[in-house]
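Take a look at the structure below.
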Amino acid sequence: MATKRGSSRDGTTTRRSARAAADRKAVQTAKIAAPEHVVVESPPPDPDYPRFRVDPELGVRLATVDPDESERYAKKKDIADELDRQRKRIRELQARLYGEHQRSLLIVLQAMDTGGKDGTIKGVFQGVNPQGCQVWSFKAPSAEELDHDFLWRYHSRVPGKGMIHIFNRSHYEDVLVVRVKGLVPETVWRPRYEAINQFEYALTMSGVGIIKFYLHISKAEQKRRLESRLANPDKRWKFSSNDLKERVLWDDYQVAFEDAINACSTPYAPWYVIPANKKWYRNLVVARTIADTLEAMSPRYPAAEPGLDQVVVTD
Ligand code: AMP
Ligand code: MG
């Protein structure tokens, strides 16, 4: 009598082949769930972060930049090693910049409220020698500052030779909040774009490298972050009712940011628009852009005194 394949008198073969079929099915299901393990493509290209730099000729339309972008990375864990590598590059290059004592780097951070300026500073500059790095946070100007030209308070905080300074808000506030809130008339803020370009050009000519980051979040992401500040007792101190008043002006701020970025992204002091809804991706792109900028400056330790090989340190 013919027996069907897989059956036997004691049923062992049937059970074995049933198990094999189940295993095959499980593998198939897993493949469908994770198709990247099935399709072997050539590896994705190296990240190309200069594409976030705003070309002075082309400008940028903020509405067309996806704040959710994170390339091929899905979660924080995926970039942990890479972020460490970029931080190490910054540390090493900063030490050289400091030792060289000829040039400096000014990093400008701007964003909508909750956009992540503080988090970026914390996440990117970990481990940098504090002696060579300083953060300046700019709030509403004091009476004394208002008695001077708008660049006065910023100019005095520009990095000296060997230093990296981070501006947490900057001279750009004087064409952002000042414009949106109508703190001065247009005849006053409009010419400031040109004044800023000349200021930054003069700094560049005296050895100050300048890079500027706009951390681009969506309005929905701002809502989530404000809600999280309200919900978390440790974050409540960060919540300001003023943020809600500013949020109503979201569209006006977007226009003001876009105009400022387009008027002032120059070959010598470029703006970068960074997708910033995912904090870890934002940190990676900012860190790598700073490391690349420092590397392009190619800072060198000064030459040692001649004849050191013969030096003996006395007892
Ligand atoms: P925060 O960064 O959250 O501590 O807030 C600082 C506040 O200072 C923000 O509301 C800014 O709009 C405001 N601010 C910063 N620079 C200026 C400026 N030049 N003129 C007016 N307000 C400013
Ligand atoms: Mg605030």
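Values in this text are rule-based calculations from the coordinates and carry no lab data. A quick note: this is a predicted structure, and the numbers were derived from the prediction, not measured. In this analysis, Cβ positions are derived from the backbone assuming ideal geometry, glycine residues included, and neighbour counts consider all displayed protein chains.
For region 197-304, would you read off the P(r) tail past 24 Å as a percentage of all alpha carbon pairs?
Everything past 24 Å amounts to 44 percent.
For Ala22 and Ala202, compute 0.36 nm times the residue count separating them, minus their Cα-Cα distance, and round to one decimal in nm.
Extra length available between Ala22 and Ala202 comes to 57.6 nm.
Gap in Å between the Cα centre of region 254-272 and the Cα centre of region 125-178?
Answer, in whole Å: 18.
Projected onto the charge dipole of the chain (+1 at Lys/Arg Cβ, -1 at Asp/Glu Cβ, origin at the Cα centre), which of Gln126, Gly162, Val313 gives the Cα projection farthest towards the positive end?
Highest projection toward the positive end goes to Gln126.
Residue separation times 0.36 nm, minus the C-alpha to C-alpha distance between Arg236 and Ala195: what's the value?
Values: separation 41, 0.36 × 41 = 14.76 nm, distance 3.80 nm.
Length gained, Arg236 through Ala195: 11.0 nm.
Mean 1/r over all different Cα pairs, inverted: what Kirkwood radius does the chain give, in Å? Please list the in-between numbers first.
Values: mean 1/r = 0.0435 Å⁻¹.
Evaluated on the chain, it is 23.0 Å.
Taking 51 Å as R0, compute the FRET efficiency from the Cβ-Cβ separation of Ala74 and His101 and round it to 0.05.
0.75
Nearest 10 degrees, 0 to 90: what angle lies between the long axis of helix 12-33 and the longest principal axis of the chain (Cα atoms)?
The angle comes out near 20 degrees.
Considering only DSSP beta bridges with both partners in the chain, what is the antiparallel share in %, to the nearest 5?
On the way: 1 of 24 bridges.
Close to 5 percent.
Compute the long axis of helix 76-100 from its Cα atoms, compare it with the longest principal axis of the Cα atoms of the chain, and write down the angle in degrees, 0 to 90, nearest 10.
The angle comes out near 30 degrees.
Using only alpha carbon pairs under 8 Å that are at least six residues apart, calculate the relative contact order of the chain and give it in whole percent.
30 percent
Can you give me the relative contact order of region 47-178 as a percent, contacts being Cα pairs under 8 Å and 6 or more apart?
Result for region 47-178 is 32 percent.
Rounding to the nearest 10 and keeping the result within 0 to 90°, find how far the Cα-based axis of helix 192-205 lies from the longest principal axis of the chain.
90 degrees
With charges set only on the Cβ (+1 for Lys and Arg, -1 for Asp and Glu), what does the dipole of region 163-315 come to about its Cα centre, in debye to the nearest 20?
Rounded to the nearest 20 debye, it is 1000 debye.
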